[in-house]
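Enquirer: Below you'll find the structure I mean.
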Amino acid sequence: MNFTNYNPKIIAISKTFKIDHILPLIQYGHCDFGESKVQEALEKWVNIKNENKDIKLHLVGRLQTNKVKSALNIFEYIHSLDNLKLAEKIANEQKKINIKPKIFIQINLGEEGQKSGISKNNINDFYKSCIDMDLDIIGTMCLPPQGKNPNIYFSEMKKLNESINLNEISMGMSNDYLNAIEYYSTYLRIGSKIFGERN
């Protein structure tokens, strides 16, 4: 495998951790952080982001339509676009406030009922709809089924991403990021390997 010029971004998943736990990483110069709840991000990051203009916040949890306006005001990246209604809401809000987030389409690769995400069979049509709405879709995101070999899903994800000519893939967490690297994931979402286990 040729890793020349391959340099994935590490998103430090800071959800549930207090800001004093995160500050050493900010002081070290790390810029990409992930939160799963809009309200928690607003409470933790507004002041820190005002003082550190290089920080980029990634929403890695599910986004409800009633939180879209608040999300656009704090997050530069959304990793969890999973339905058309949400896409329409983001498109409307970004026009109103003139803020355009970078977005990943979440794909439900395992077709799991309890997980959100676009079916892989609908990805082409969904992607076209998003482009028609002027959304800045930069890549795809997946959470492979627990207890199954992630390589099967990461390999499929890479092919899906290439089929719609997208460059970025958000996949790989603390337990499987080394597998994700084999398939050129460009955004790795790592929490416990950086901050330790959550309480």
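Enquirer: At most 11 other Cβ atoms within 10 Å and a DSSP loop assignment: could you name the trypsin sites (Lys or Arg not before Pro) in segment 49-103 that fit? Mind dumping the intermediate values first?
Expert: Numbers: sites: Lys49, Lys53, Lys56, Arg62, Lys67, Lys69, Lys85, Lys89, Lys95, Lys96, Lys102; in loops: Lys53, Arg62.
For trypsin sites (Lys or Arg not before Pro) across segment 49-103 that sit outside H, G, I, E and B with at most 11 neighbouring Cβ atoms in 10 Å, the list reads Lys53.
Enquirer: I'm spelling it out carefully: the read-out is P(r) over Cα pairs in 10 Å bins from 0, in percent, the candidates are (i) 8, 31, 32, 19, 8, 2, 0; (ii) 9, 38, 40, 13, 0; (iii) 9, 36, 37, 17, 1, and one was derived from this structure. Which label?
Expert: Correct label is (iii).
Enquirer: Within 10 Å of each candidate Cβ there may be at most 14 other Cβ atoms; applying that plus a DSSP loop requirement, which trypsin sites (Lys or Arg not before Pro) in segment 124-199 survive? Working shown, then result.
Expert: Numbers: sites: Lys128, Lys148, Lys158, Lys159, Arg189, Lys193, Arg198; in loops: Lys148, Arg198.
Those satisfying the criteria are Lys148, Arg198.
Enquirer: A further question follows. So for the pair Ile194, Ser129, with labels modelled 7 Å out along Cα→Cβ, what separation do we get in nm?
Expert: 3.2 nm
Enquirer: While we're looking at this one, here's another question. Say R0 is 30 Å: what FRET efficiency, to the nearest 0.05, do Leu23 and Asn92 get from their beta-carbon distance?
Expert: Details: r = 36 Å, r/R0 = 1.20.
Rounded to the nearest 0.05, the efficiency is 0.25.
Enquirer: Helix-only mean residue ellipticity at 222 nm, the chain, DSSP H runs n ≥ 4 weighted -39,500 (n - 2.57), per residue, nearest 500. What is it? Before the final figure, lay out the partial values.
Expert: Working: 8 runs with 79 residues, N = 199.
So the calculated ellipticity at 222 nm is -11500 deg cm²/dmol.
Enquirer: Counting other Cβ atoms within 10 Å, keep those with at most 15, restrict to DSSP loop, and tell me which GluC sites (Glu not before Pro) in segment 100-199 are left. It would help to have the intermediate numbers written out before the result.
Expert: Details: sites: Glu111, Glu112, Glu156, Glu162, Glu168, Glu182, Glu197; in loops: Glu111, Glu112, Glu197.
When the GluC sites (Glu not before Pro) of segment 100-199 are filtered for loop state and at most 15 Cβ neighbours within 10 Å, Glu111, Glu112, Glu197 remain.
Enquirer: Using the Karplus curve 6.51 cos²θ - 1.76 cosθ + 1.60 with θ = phi - 60°, work out ³J(HN,Hα) for each residue of segment 148-161 in order, rounded to whole Hz, and write x for Gly and Pro.
Expert: Residue by residue, segment 148-161 yields 10, 5, x, 4, 4, 7, 5, 5, 5, 4, 4, 5, 4, 4 Hz.
Enquirer: Neighbour counts of other C-beta atoms within 10 Å: give me His58, His30 arranged from fewest to most.
Expert: On the way: His58 27, His30 16.
So the residues, fewest neighbours to most, are His30, His58.
Enquirer: Here is a follow-up. Report the label-to-label distance for Ile164 and Ser119 in nanometres (one decimal), using points 7 Å from each Cα along the Cα→Cβ vector.
Expert: Taking the simple label geometry, Ile164 and Ser119 are separated by 1.5 nm.
Enquirer: Return the aspartates and glutamates within reach of Lys9: Cα separation strictly under 13 angstrom, same-chain partners fewer than 8 residues apart disregarded; answer none if there are no such residues.
Expert: Asp32, Glu168
Enquirer: Using modelled backbone amide H atoms (1.01 Å from N, in-plane), which distant-in-sequence or interchain residues come within less than 5 Å of Lys56's amide H?
Expert: Residues meeting the amide H criterion: Asp32, Phe33.
Each value in this text was obtained by applying a stated rule to the coordinates, not by laboratory testing. Predicted model, so just to flag it, every value in this text is computed and none were measured. In this analysis, Cβ positions are derived from the backbone assuming ideal geometry, glycine residues included, and neighbour counts consider all displayed protein chains.
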